[in-house]
Amino acid sequence: MSVARVANAPCSWGVLEFESKVGALRYGRVLDEMVASGYAGTELGDWGFLPTSPRQLREVLHERGLILMAGFLPVALADPDTHAEGLERARKIGLLLAAAGDSPMIVLSDDNGRNAARTRDAGRIRLDQGLTETEWGIFAKAAERIARVVLEEAGVRTVFHPHCAGFVETPREVESLLDRTDPELLGLCLDTGHCTYGGGNAVQALRSYAERIWHVHFKDMQPQVAERALNEKWDYFQAVERGLFCELGQGAVDFGGFLSELTRLRYSGWIVVEQDVFPEQGTPLESARRNRAFLRNLGL
């Protein structure tokens, strides 16, 4: 494998797009702890968490030696009423990334949590809970439009992030979206934890979608928590709050096999560690250090 750089993301410190910012840490502390635990870069996090002035953002990153390589954008792509607002947010994020990042990407996702049934049944989605053909057409065209606009206006590429509690979670749904979108325009962010909880196998997904994978999230998934979520009917957010996404090496993801496949594919993009926790939950700095040590033991 060409040398891949390892980053972390604000979600590992409780900065989550679906959670109130009350209790979240200030950005300076989060960035300082990323550096202290051995990471070379960061994603943007929720809009407004990091500075939105390009000059200020460049300064806070430069003084810490961190690189900004991506920004997360949730949009309810199956709902046409959300598309105009989502496109404006995409433009805003894309221009900031272009001004302050290093070959950055927008990480586009369905706006998880907007559909009650998908949120309730995340990790155990049935075939009849998917999109209709008409809805797939709306969804795919909206994703392509966002990708096209930010590429043309900001020079920023877009990857789609399959995400639990959204409408693209299961392996079948990932394939459906990829089949309906331009491979030159829309790449894939393979998140190992969401892939696993959604019923997939991360190593197999990497083999199947290799040419579309432009960005990678390293996230583990705790199978005992997943089993309790199934048996006790926890929704997606309850499962996350109870530790669904654990420290690397403590769950079901085969990171050794995944890295071997990345090496075979000569992947040279970023590897972004994510361990979603709620604000004031867990031990973010200690977890970040242990996650980095785990990857060093695998040769990263």
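Counting only GluC sites (Glu not before Pro) that are in a DSSP loop and have at most 13 other C-beta atoms within 10 Å, tell me the longest site-free stretch of the chain. Between exposed loop sites, the widest span is 64-183.
For the chain, the carbon plus sulfur part of the accessible surface works out to 46%, probe radius 1.4 Å. Explain nothing, just the number: relative contact order of the chain, from Cα pairs under 8 Å at least 6 residues apart, as a whole percent. About 24 percent, as a whole number.
Candidate cross-link partners of K233 among the aspartates and glutamates, defined by an alpha-carbon separation under 15 Å and a same-chain spacing of 8 or more, comprise D121, E241. In the Gaussian network model of the chain, springs joining C-alpha atoms below 10 Å, which of G94, G65, G113 carries the largest mean-square fluctuation? In this elastic network of the chain, the residue with the biggest mean-square fluctuation among G94, G65, G113 is G65. Dividing the helix sum by the residues of the chain, where each DSSP H run of 4 or more adds -39500 (n - 2.57), gives a mean residue ellipticity at 222 nm of -12500 deg cm²/dmol.
The HN-Hα couplings worked out from phi for region 71-77 by the Karplus form 6.51 cos²θ - 1.76 cosθ + 1.60 (θ = phi - 60°) are x, 7, 9, x, 9, 6, 5 Hz, whole numbers, x standing for Gly and Pro.
A cut-off of 5 Å between modelled amide H atoms, ignoring neighbours fewer than 5 places along the same chain, links L188 with F160, I213, W214, H215. Accessible surface for the chain, divided over its residues, is 43 Å² per residue with a 1.4 Å probe.
Label separation (D81 vs R29): 3.9 nm, computed from points 7 Å beyond Cα along the C-beta direction.
Our coupling estimate for region 289-300, obtained by passing each phi through the Karplus curve with A = 6.51, B = -1.76, C = 1.60 and θ = phi - 60°, is 5, 5, 5, 5, 5, 4, 5, 4, 5, 8, x, 9 Hz, Gly and Pro reported as x. In this structure the amide hydrogen of W270, modeled in the peptide plane, comes within under 5 Å of the amide hydrogens of V216, none closer than 5 places in sequence on its chain. A cut-off of 5 Å between modelled amide H atoms, ignoring neighbours fewer than 5 places along the same chain, links I67 with G41, T42. Note on the chain: with a GNM built from Cα contacts shorter than 10 Å, the maximum mean-square fluctuation among D81, D191, D128 falls on D128.
How much of the calculated P(r) for the chain lies past 26 Å, in percent of all Cα pairs? Taking all Cα-Cα pairs of the chain, the fraction more than 26 Å apart is 40 percent.
What size of dipole, in debye to the nearest 20, comes out for region 125-256 about its Cα centre when the only charges are +1 on Lys and Arg C-beta atoms and -1 on Asp and Glu C-beta atoms?
For this selection, approximately 60 debye.
Under the rule that an exposed site lies in a DSSP loop and has at most 10 other Cβ atoms within 10 Å, name the longest stretch of the chain with no trypsin sites (Lys or Arg not before Pro) of that kind, not counting the sites themselves. Result for the longest clean stretch: 127-265.
The values are calculated or read from the model by the stated rules, or taken from the named source; none is laboratory data. Everything quoted here is computed from the prediction, not taken from an experiment. Glycine gets a Cβ as well: all are built from the backbone with ideal geometry, and neighbour counts include every protein chain shown. Keep in mind that these areas ignore ligands, DNA and RNA; they rest on the heavy atoms of the full protein, side chains included. Shrake-Rupley method; radii C 1.70, N 1.55, O 1.52, S 1.80 Å.
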